[in-house]
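Comments concern the structure below.
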Amino acid sequence: MNTGFTFFVQLVISGIALGCLYALIAVGFVLILKATDILNFAQGEVIMLSAFICYFLVTTFHLPFLVAVLLTGIIAGLMGIVTERLVLRPMLGEPVFAVVMVTIGLSIFLRSMAGILFGHNNLVFPSPIPTEAVRMGGIVLSQTEIWIILSTLVVITIFFIFFKYSRMGLAMRGTADDQDVALLMGISVKQVFALIWAVSFITAAVSGVFLANIMVINLGLTFVAISAFPAIILGGLESIPGAIIGGLAIGIIENLAGGYLDQVIGGGVKDVTPFVVLFLVLMIRPYGLFGKKEIERV
Amino acid sequence: MAIRSKTFRESYYEDIKLFKTIWIKSWIGLFLMVLAVLPLIGDPYIIYLINISCIATIAALGLNILTGFTGQISLGHAAFFAIGAYCTAIISSRFQVPFWICLPASGVLAACAGLFVGIPCLRLKGLYLAMATMSFGVVVEYVVITWDSVTKGVRGISVPTLNLLGYPLDSNNKLYYFLIVLTALAIIAATNLMRTRVGRAFIAIRDRDIAAEVMGVSLTQYKVMAFAISSFYAGIAGGLYAYVMEYIHPEHFTFLLSVQYLAMIIVGGLGSILGSIFGAVFITIIPEFIKGLAQFLTLLFPAIEDKYDDGWNIAAFGLLIMLFLIFEPKGLSGIWTRIKTCFKNWPYTY
């Protein structure tokens, strides 16, 4: 294999690992969006808070890693239920703008409170995953990346089974399809909403824990969630498979742009590429790859 | 004279008059007089706060025209503001261009950027528009930081003093009158705009865009116009900001600034000129209250000394946005109208 090709494959594979993270974050967004028509701008803050919580559970309380992850998930789920009850329930039926702004308000509130509580220092997570890289024919992969890819697969499979076969999953799909009909069929829409927020926050917590493993923990973690926006737009706002494919695509594109264009234009291309893609997708195909084209009636 | 229970209007002209009653006119006159003498007696810091509020008012008016009146969400207002500020800073510091070219140039450049964003955004609405404008904001921030040869990147640019016909406005007290006059002009222009066909078309688009189109309002034309006018206001405000701060830096123009402007129009009142002014002043001075509160609390609990920082202000903005949207969606101007009606209809208030 020549070096040019190896470089390309290397970029694509680490792009897939990054894309898996985006996909996980995007699924968190899409879950809420599909069922409740709310885009939760505070998702990034949940990711950041979960990373901090997991860090403190491991370092201050000396819990084993897996127990800490489990506890973080439970805390995040409770946070989701509380947020839905306190902030979003009063906004039911309000115009899109008001609901979007409430979540933006929530997001900057949570972020600055995190700054006040946890400080602005960079914390390094004592990662349980060994740091030695794995080599496969010239391609280098860190074990964290492999874990990310594997766990994303597991999480997504769990979601698939949950939505396909469980009673609650069916209720959620019904609610997403048509709230009024779901209500008439005896589904408690309020309960479904609360649970959807909990599930989405738990997904965010899982991605937060992984981010903590590959990055330093600081307030900047919230911006990773904003970089996942392009993924949901590319996949179509209301489609879970779309979110996954969009996430992978954005991860790969971002890595390739970083690898090839950084030397040409200068640093930082990697961070801004997702947004350029987002802008392009919105211009060309606003409903994304798998989204439904909305038909409006007066 | 009997007690005035309602203002009865007999023609459409009276309905859209700028000053609806003689009372409004006289109150505004009195208010302007107070503003005129304020620099003679006020503390310089208060004057500085008023200056900053003036700039915020102009920018908030622009955002309110786009978001409050036309109903197009913009999460990238800071980008237009930044374009205006950088335009003024660059051409006035490099080429010694006088302000009466700088400011209009900033406005026009920002308006062009508004057209650039507005035209592709015509197909988008709601969430999609929010994301598109937000990503525009991110891209502008990136360009400002990276395009070092023009914007001087993270080193920032110093801006020369504003020179008004050979008379340098080198202190806040001198800038004060200049800003008050410009703000008054901006307010009158916005109010007038809303009385015309254009303003009514904007409101029609906000209330139901498809119905508006059926009625003969060209969505393309008016949406693009709303984007251009809104970013023109932001550009002017940005130019003034550069003059007042005398130094600009990419950190002044982040996503948080966009959110801050949104907070202004939400707290003040969406779709209300008066609301934009209330909101801009309120959001500008609220950090002072928080600072005062922090100092007061320090006296009570010495343990929290030095814990105050910018984070508290931002937390307060977030909290205010949530509280107003949940409990008082009409904002401060809604509260104001309610109080006014209460007094007007006294003793038969309900």
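The values are calculated or read from the model by the stated rules, or taken from the named source; none is laboratory data. Every value quoted in this text rests on a predicted model; they were computed, and no experiment measured them. Neighbour counts run over all protein chains shown; Cβ positions are idealised from the backbone, glycine included. For the accessible areas, the whole protein counts, side chains as well, though only heavy atoms, and no ligand, DNA or RNA atoms are used. Shrake-Rupley method; radii C 1.70, N 1.55, O 1.52, S 1.80 Å.
Across the range A:69-97, what is the number of residues that are at the interface with chain B (Cβ under 8 Å from one of its Cβ atoms) and not aliphatic (A, V, I, L, M)? If you could, list the steps in order and put the result at the bottom.
If we filter the range A:69-97 for residues that are at the interface with chain B (Cβ under 8 Å from one of its Cβ atoms), which is where we start, we get A:87, A:90-91, A:94, A:96-97.
Filter once more, so that each one left must be not aliphatic (A, V, I, L, M): A:90, A:94, A:97.
The total comes to 3.
Kindly establish whether residue B:86 is touching a Ser or Thr at 6+ places or on another chain (Cβ under 8 Å) and more than 23 Å from residue B:199 (Cα to Cα). It would help to see each step written out before you state the result.
Working: touching a Ser or Thr at 6+ places or on another chain (Cβ under 8 Å): yes; more than 23 Å from residue B:199 (Cα to Cα): yes.
Considered against the rule, which asks whether it is touching a Ser or Thr at 6+ places or on another chain (Cβ under 8 Å) and more than 23 Å from residue B:199 (Cα to Cα), residue B:86 comes out as yes.
For the range B:122-133, a residue qualifies if it is more than 8 Å from every other protein chain (Cβ to nearest Cβ), modelled with pLDDT under 85 and part of a helix (DSSP H, G or I), and exactly one does: B:122. Checking each residue in the range B:188-216 for being touching a residue at least 40 places away in the same chain (Cβ under 8 Å) and among the charged types (D, E, K, R) picks out B:195, B:206, B:207, B:209.
Of everything in the range A:98-133, what is free of Cβ contacts under 8 Å to residues at least 24 places away in the same chain, within 13 Å of chain B (Cβ to nearest Cβ) and open to solvent by 30 Å² or more (accessible area, probe 1.4 Å)? Give them in sequence order.
Initially, the range A:98-133 is screened for residues free of Cβ contacts under 8 Å to residues at least 24 places away in the same chain, giving A:98, A:101-102, A:105, A:108-109, A:112-113, A:116-117, A:119, A:130-133.
Those still in the list that are within 13 Å of chain B (Cβ to nearest Cβ) too: A:98, A:101-102, A:105, A:108-109, A:112-113, A:116-117, A:119.
Residues satisfying the conditions are A:109, A:113, A:116, A:117.
If the condition is being open to solvent by 50 Å² or more (accessible area, probe 1.4 Å) and of a type in the set (D, E, K, R), then the range A:134-156 contributes only A:135.
Regarding residue B:74, is this residue part of a helix (DSSP H, G or I) and of a type in the set (S, T, N, Q)? Working first, answer last.
Numbers: part of a helix (DSSP H, G or I): no; of a type in the set (S, T, N, Q): yes.
When the stated conditions are applied, residue B:74 does not pass them.
Scan A:278, A:282, A:289, A:248 and give me the residue that is within 19 Å of the chain's Cα centre (by Cα), farther than 19 Å from residue A:4 by Cβ and at the interface with chain B (Cβ under 10 Å from one of its Cβ atoms).
Details: A:282 fails: within 19 Å of the chain's Cα centre (by Cα); A:289 fails: at the interface with chain B (Cβ under 10 Å from one of its Cβ atoms); A:248 fails: at the interface with chain B (Cβ under 10 Å from one of its Cβ atoms).
Selected residue: A:278, the only one of A:278, A:282, A:289, A:248 that is within 19 Å of the chain's Cα centre (by Cα), farther than 19 Å from residue A:4 by Cβ and at the interface with chain B (Cβ under 10 Å from one of its Cβ atoms).
Would you say residue B:220 is touching a residue at least 60 places away in the same chain (Cβ under 8 Å), under 21 Å from residue B:116 (Cα atoms) and more than 17 Å from the chain's Cα centre (by Cα)? Answer is yes for this residue.
Suppose the filter is under 18 Å from the mean Cα position of the chain (by Cα) and open to solvent by less than 50 Å² (accessible area, probe 1.4 Å); does residue B:232 pass it?
Details: under 18 Å from the mean Cα position of the chain (by Cα): yes; open to solvent by less than 50 Å² (accessible area, probe 1.4 Å): no.
So residue B:232 does not fit the description; no.
For the range B:191-210, the tally of residues that are open to solvent by less than 30 Å² (accessible area, probe 1.4 Å) and either within 14 Å of chain A (Cβ to nearest Cβ) or touching a Leu at 6+ places or on another chain (Cβ under 8 Å) (or both) stands at 3.
Could you identify the single residue in B:57, B:88 that is of a type in the set (Ser, Thr, Tyr), under 15 Å from the mean Cα position of the chain (by Cα) and either under 19 Å from residue B:137 (Cα atoms) or part of a helix (DSSP H, G or I) (or both)? Step through it out loud before you land on a result.
Numbers: B:88 fails: under 15 Å from the mean Cα position of the chain (by Cα).
Answer to the selection: B:57.
Condition first: within 24 Å of the chain's Cα centre (by Cα), more than 14 Å from chain A (Cβ to nearest Cβ) and outside any helix (DSSP H, G or I). Can you find one or more residues in the range B:172-190 that meet it? For the range B:172-190, residues within 24 Å of the chain's Cα centre (by Cα), more than 14 Å from chain A (Cβ to nearest Cβ) and outside any helix (DSSP H, G or I): absent. In the condition set (1) modelled with pLDDT under 90; (2) within 11 Å of residue A:289 (Cα to Cα), residue A:245 is compliant with all but (1).
Scanning for something under 28 Å from residue A:132 (Cα atoms) and within 14 Å of chain B (Cβ to nearest Cβ), does the range A:231-243 turn up at least one residue?
At the first step, the residues of the range A:231-243 found to be under 28 Å from residue A:132 (Cα atoms) are none.
No: the range A:231-243 contains no residue that is under 28 Å from residue A:132 (Cα atoms) and within 14 Å of chain B (Cβ to nearest Cβ).
The residues of the range B:135-166 that are part of a strand (DSSP E or B), open to solvent by 40 Å² or more (accessible area, probe 1.4 Å) and within 13 Å of residue B:91 (Cα to Cα) amount to a single one, B:158. Yes or no: residue B:111 crowded, with 24+ Cβ neighbours inside 10 Å and within 11 Å of another protein chain (Cβ to nearest Cβ)? So residue B:111 fails the test.
If you check residue A:159 against the conditions, is it touching a helix residue (DSSP H, G or I) at 6+ places or on another chain (Cβ under 9 Å), under 30 Å from residue B:267 (Cβ atoms) and either buried (at least 16 other Cβ atoms within 10 Å of the Cβ) or away from chain B (no Cβ under 14 Å) (or both)? Walk me through how you get there before you give the answer.
Working: touching a helix residue (DSSP H, G or I) at 6+ places or on another chain (Cβ under 9 Å): yes; under 30 Å from residue B:267 (Cβ atoms): no; either buried (at least 16 other Cβ atoms within 10 Å of the Cβ) or away from chain B (no Cβ under 14 Å) (or both): yes.
No, not satisfied.
Within the range B:274-321, track down each residue that is more than 13 Å from every other protein chain (Cβ to nearest Cβ) and farther than 18 Å from residue B:49 by Cβ. Passing the criteria: B:274, B:275, B:296, B:297, B:298, B:299, B:300, B:301, B:302, B:303, B:305. Give the range B:237-270 a look and list any residue that's of a type outside the set (A, V, I, L, M, F, W, C), touching a Gly at 6+ places or on another chain (Cβ under 9 Å) and crowded, with 20+ Cβ neighbours inside 10 Å, or say none. Of everything in the range B:237-270, those that are of a type outside the set (A, V, I, L, M, F, W, C), touching a Gly at 6+ places or on another chain (Cβ under 9 Å) and crowded, with 20+ Cβ neighbours inside 10 Å turn out to be B:238, B:239, B:241, B:250, B:258, B:261, B:268, B:269.
When you look at residue B:52, is it more than 28 Å from residue A:283 (Cα to Cα), in a helix (DSSP H, G or I) and within 14 Å of the chain's Cα centre (by Cα), yes or no? Against the criterion (more than 28 Å from residue A:283 (Cα to Cα), in a helix (DSSP H, G or I) and within 14 Å of the chain's Cα centre (by Cα)), residue B:52 qualifies. Within the set B:226, B:184, the sole residue that is open to solvent by less than 30 Å² (accessible area, probe 1.4 Å) and within 20 Å of residue B:274 (Cα to Cα) turns out to be B:226.
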